[in-house]
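The values are calculated or read from the model by the stated rules, or taken from the named source; none is laboratory data. Keep in mind it's a predicted model, so treat the numbers as computed, not measured. As a convention, Cβ positions derive from the backbone with ideal geometry for all residues, glycine included, and neighbour counts pool all protein chains shown. Heavy atoms of the whole protein, side chains included, go into the accessibility calculation; ligands, DNA and RNA do not. Shrake-Rupley method; radii C 1.70, N 1.55, O 1.52, S 1.80 Å.
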Amino acid sequence: MDQGWAALLGAAIGAILGGGAAITAAWLGRSGMKTQAQAVIQQASWQADATREQWIRQVLRDACIEFVEASRLQVHAIRRYHALVMFDQQGFDRDPEQIRRNYFNLGMRTQTAGLVLELEGSHEVRDAAERVLEASRRIPHLSEDHGNYAEAQEETQHMWEAIDEFVRVARTRLAL
């Protein structure tokens with residue numbers, strides 16, 4: 001084979017292989033870009049999920065804090081109210097009607113905070129909140145002769161214990 005034919009054959013083979021290499025490189029580049037784009041999309045999805053989870057946890061944390069604060073203030077208001085009724089206002093510098101209103105308002109605040117937990121809380125958190133609300137409903141109003149004072153005090157203590165249990169459940173849930 002002479003040099004002309006060898007050069008022509010070499011050029012043809014080089015063109016075929018070079019073109020094939022260029023096509024292969026382009027295909028691999030496109031494939032790599034596609035893989036990279038999928039990785040970026042996956043990362044953005046994970047980030048969005050993490051942000052959403054963090055937001056939900058913050059909403060739940062805020063709702064738990066509000067519920068515990070309202071419940072504990074309600075227990076203190078109940079005890080003040082019981083002392084007012086039982087001991088005929090001795091040692092109280094506030095208007096008895098104000099103490100009754102405070103008792104009622106804090107009960108409503110506890111109920112409202114419980115509604116948020118009913119929507120946002122896990123099954124365990126909802127159950128623990130419901131036990132607090134149920135304990136609150138079991139506290140009787142004092143009778144005229146104060147004969148149910150001991151029962152009212154006992155039920156108030158049950159509410160306090162239910163609040164403590166709620167705190168334990170909420171801590172466990174929020175730690176996840």
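VAL169: net charge of surrounding residues, Cβ under 12 Å, Lys/Arg +1, Asp/Glu -1, itself excluded?
0
Provide ILE56, ILE78 ordered by accessible surface of protein heavy atoms (probe 1.4 Å), highest first.
Reading off the accessible areas and sorting them downward yields ILE56, ILE78.
Go ahead and run the numbers for FRET between ASP62 and GLU161, Cβ-Cβ distance against an R0 of 22 Å, rounding to 0.05.
Given R0 = 22 Å and the Cβ-Cβ separation, E is 0.40.
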